[in-house]
1. List pairs: first in segment 168-184 and of a type in the set (A, V, I, L, M, F, W, C), second near the ligand (Cβ under 10 Å from one of its atoms) and open to solvent by 40 Å² or more (accessible area, probe 1.4 Å), Cβ under 8 Å, 6+ apart or cross-chain?
2. Given F26, F6, which one is crowded, with 18+ Cβ neighbours inside 10 Å and within 16 Å of the ligand (Cβ to nearest atom)?
3. Among the residues of segment 29-47, which ones are in a helix (DSSP H, G or I) and buried (at least 18 other Cβ atoms within 10 Å of the Cβ)?
4. Take R111 and tell me if it is among the basic types (K, R) and touching a Pro at 6+ places or on another chain (Cβ under 9 Å).
5. Criterion first (within 12 Å of the ligand (Cβ to nearest atom), among the aliphatic types (A, V, I, L, M) and under 15 Å from the mean Cα position of the chain (by Cα)) does L219 satisfy it?
6. Could you list, in sequence order, all residues of segment 199-216 that are more than 14 Å from the chain's Cα centre (by Cα) and within 16 Å of the ligand (Cβ to nearest atom)?
7. Does segment 191-237 hold any residues that are among the charged types (D, E, K, R), buried (at least 17 other Cβ atoms within 10 Å of the Cβ) and not in a loop (DSSP other than H, G, I, E, B), and which are they?
8. Counting just the residues of segment 167-184 that are closer than 14 Å to V128 by Cα and part of a helix (DSSP H, G or I), which one comes out farthest from the ligand (Cβ to nearest atom)?
Amino acid sequence: MRPLLFAANWKMHIGPEDARAYFKTFRTRYQRHEGREAWFFPPALSVETAAQAVRERADMLVGVQDIYWEPKGAFTGAISAPLAVQAGARAALVGHSERRHVFGETDEDTRRKVAAALAADLAPVLCVGEKLAERDAGHTLAVVNRQLAGALGGLDAATLARITIAYEPVWAIGTGRNATPNDAAAVHKEIRAWLVARGAARTRILYGGSVNLKNAADLLAEHELDGVLVGGASLDPEAWAQLVQTAAA
Ligand code: 13P
């Protein structure tokens, strides 16, 4: 069994001081469950505080929302994988739709970032997903396959096993409109087939996009989903603790 993964992407919310208070609440409200992990992606400025706060919980870890692929140098404003590791990060989101569509990140950028994360021993969480127009044109699977091949093409099975995939349809992010469990499962099956063809059957595949307390259990009842990647509904520590606690109970 792949452990269920509940990943919280705080995006541009929750500074260091608020992060400390967040974990104080979360840690008391959420007791460890067998076969369940909680990962947190705070803004980079809060990573160190967050990493300290989860230090004694083997079921929790902290990652960064983005990295630059160079390990060091004159890249003002950027954060490298080794710097993230030094702050306590153990994972990195790569290719989140907001990085792709707000900041213009390309498939080639995601390939370099995955490689940089792996080199620094950060677990990459590669985000893929189609825009609404692409879905309407029937191009969902072509887009997702292109994003997978662009970021992961050429990696061997052992390396692919170190990666997590998050399927986040762009039209479902922050819109309150989530994919149905069936919609999500159909794409997850395709991603699974892509991975299995390369010998990586154990790679986890998460779903993201307007996941909340009301729909999480239905989504996770779908066996194709190994967890969720959640934005808005992860910002309140009590509600997030309740979601991680009760979904897929
Ligand atoms: P929402 O859960 O706010 O829709 O965000 C999803 C997401 O982008 C997580 O990475």
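The values are calculated or read from the model by the stated rules, or taken from the named source; none is laboratory data. Keep in mind that this is a model prediction, so the values were computed, not measured. Because the Cβ atoms are built from the backbone with ideal geometry, glycine has one as well, and the counts that use them run over all protein chains shown. These area figures cover heavy atoms from the full protein model, side chains too; ligands, DNA and RNA do not enter into them. Shrake-Rupley method; radii C 1.70, N 1.55, O 1.52, S 1.80 Å.
1. W171/R177; A172/N178; I173/E98
2. Only one candidate qualifies: F6.
3. Hits for segment 29-47 are S46, V47.
4. no
5. No: the conditions fail for L219.
6. N212, L213, K214, N215, A216, listed by residue number.
7. R192
8. This residue is A184.
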